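The values are calculated or read from the model by the stated rules, or taken from the named source; none is laboratory data. Nothing here was measured: the structure is a model prediction, and the numbers come from that model. For neighbour counting, all protein chains shown are included, and Cβ atoms are generated from backbone atoms with ideal geometry for every residue, glycine included. We work out accessible area using only protein heavy atoms, side chains counted, and drop any ligands, DNA or RNA first. Shrake-Rupley method; radii C 1.70, N 1.55, O 1.52, S 1.80 Å.
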Amino acid sequence: MLLAAQILAAIVLLLHVYFVLLETVLYRSRGYKVFGIPKDQMESRASAMSNQGCYNGFLVVAIALGLFRPDPAIARAFMVYGLVCVVVAGIWGAVTVSKRILFVQALPAALALVAFFLAKA
């Protein structure tokens with residue numbers, strides 16, 4: 001079960017690396033299209049999207065530390081923190097932006113979180 005949890009967490013990590021790239025370096029070429037932002041609003045939203053990408057980067061770091069820290073207690077703390085933050089952000093995004101975020105962001109993180117707790121039991 002631990003391997004399944006780690007694979008799910010790695011998927012969440014990779015998704016968020018993609019989000020970081022879309023919200024920062026790829027925003028003007030591809031990101032705004034993926035997020036359904038009209039071209040005439042692209043520039044006015046660029047700073048906010050870059051800021052959002054920065055926060056997604058912090059989630060990537062937390063999950064990466066959870067996957068790669070040698071101390072299991074510290075790794076678990078980072079993993080739980082990172083995944084809970086993704087779930088909460090995904091729920092909030094589903095409520096305020098698009099229901100799709102619940103399935104793309106929150107669900108994979110919730111599955112990884114459940115798998116980690118089952119692996120510990």
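Quick rundown of the values:
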read-out	value
Test: residue in the range 106-120 that is open to solvent by 90 Å² or more (accessible area, probe 1.4 Å), in contact (Cβ under 8 Å) with a residue 24 or more places away in the chain and more than 19 Å from the chain's Cα centre (by Cα)	yes
Residue ID - surrounded by the fewest Cβ atoms within 10 Å (Cβ to Cβ), chosen from residues in the range 83-99 that are under 14 Å from the mean Cα position of the chain (by Cα) and free of Cβ contacts under 8 Å to residues at least 24 places away in the same chain	V88
Failed criterion for S47 (all others in (1) part of a helix (DSSP H, G or I); (2) in contact with a helix residue (DSSP H, G or I) (Cβ under 9 Å, 6 or more places away or on another chain) hold)	(2)
The range 15-59, residues that are acidic (D, E) and open to solvent by 60 Å² or more (accessible area, probe 1.4 Å)	D40, E43
Qualifying positions in the range 1-14 - open to solvent by 30 Å² or more (accessible area, probe 1.4 Å), in a helix (DSSP H, G or I) and either in contact (Cβ under 8 Å) with a residue 40 or more places away in the chain or within 18 Å of F58 (Cα to Cα) (or both)	L2, A4, Q6, L8, A10, I11, L14
Residue in the range 47-56 that is among the hydroxyl-bearing types (S, T, Y) and under 19 Å from V104 (Cα atoms) present	yes
